[in-house]
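Here is the structure we will look at, set down as structure tokens.
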Amino acid sequence: MAKIFCVANQKGGVGKTTTTVNLAAGLAKVGQRVLMVDLDPQGNATMGSGVDKRQMALSVYDVLLESASVAEAAVFSEKCGYHVLGANRELAGAEVELVEVERREKRLKTALAEVLDNYDFVLIDCPPSLSMLTLNGLCAAHGVIVPMQCEYFALEGLTDLVNTIKQVHANLNKDLAIIGLLRVMFDPRITLQQQVSDQLKAHFGDKVFDTVIPRNVRLAEAPSYGLPGVIFDPSARGSQAFVAFASEMVARIGKL
Ligand code: ADP
Ligand code: MG
């Protein structure tokens, strides 16, 4: 049975999509069966997994509106080694269309239940908001992975997300937990980053993943080739860090 994880942080540009696609590719590399779900209408995780968001016959939008199953809408990315349930601009409309329907926040959970035996991991890339789409991700998930940059306001920004997760846990999804905080785009030469990193560990203890993802230009270049860095340049430091992170996740799951 697959474990389902949301990669969430209501801030944009913090590394959610980079984390989702590289963790997916890293997990596939270490032999895990992975489904990557793109819940962001920007479709960056879709494109970054080698799937053209403009050419998709079916997407996560059709799944949320119950006009297609996950099995029908997901495609296998040969280059990346995992399945992709893609998103494009159409998904922005789902927000409005779901307002009227029953159990609207459980649509993704219900749809994923049918395919859980086919995968070891389902990773959900969330949009930079605490919207109905993110809520669908949080309702479906066992845990949340929070990528964050070690900057001055990082801890402050976490409060909203932590409160949302607590509310979802209390009212909608008893399984939900923060699995961990992932330090990304890390530059150890910057004293402030080192200080914030130490604060994070003091505050959140073992909720902070051991693996640290360095700032690495190869990770930023990879999406323009429609690939995760892990596939585009496996030898890059950032790629190696994501494969290490995949192994750390596999080890943690054993303890969940
Ligand atoms: P989000 O999904 O949270 O908006 P992205 O994953 O799209 O964030 O990352 C924002 C930008 O930062 C992108 O241009 C991405 O390529 C770049 N980026 C992310 N992680 C790294 C990293 N470890 N090193 C260098 N650039 C990175
Ligand atoms: Mg993104």
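Laboratory data are not the source of any read-out in this text; all were calculated from the coordinates shown. Not measured: the values here are computed from a predicted model. Note that each Cβ is placed from the backbone with ideal geometry, even for glycine, and that neighbours are counted across all protein chains shown.
Pick from 107, 89, 33: which is more than 15 Å from ligand 1 (Cβ to nearest atom), touching a residue at least 40 places away in the same chain (Cβ under 8 Å) and in contact with a helix residue (DSSP H, G or I) (Cβ under 6 Å, 6 or more places away or on another chain)?
None of the other options fit; the residue is 107.
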Original post:
Does the stretch 97-119 contain at least one residue that is of a type in the set (Gly, Ala, Ser) and part of a strand (DSSP E or B)?
Top reply: no
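Considering only residues that are within 16 Å of ligand 1 (Cβ to nearest atom) and not hydroxyl-bearing (Ser, Thr, Tyr), which ones fall in the stretch 110-137?
Selection gives 123, 124, 125, 126, 127, 128, 130, 133, 137.
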Original post:
Taking the stretch 178-210 only, how many residues are within 12 Å of ligand 1 (Cβ to nearest atom) and either in contact with an Asp or Glu (Cβ under 7 Å, 6 or more places away or on another chain) or of a type outside the set (D, E, K, R) (or both)?
Top reply: 4
**OP:** Scan 219, 161 and give me the residue that is crowded, with 21+ Cβ neighbours inside 10 Å, within 26 Å of residue 3 (Cα to Cα) and out of contact with any Cys (no Cβ under 9 Å at 6 or more places or on another chain).
**Re:** 219
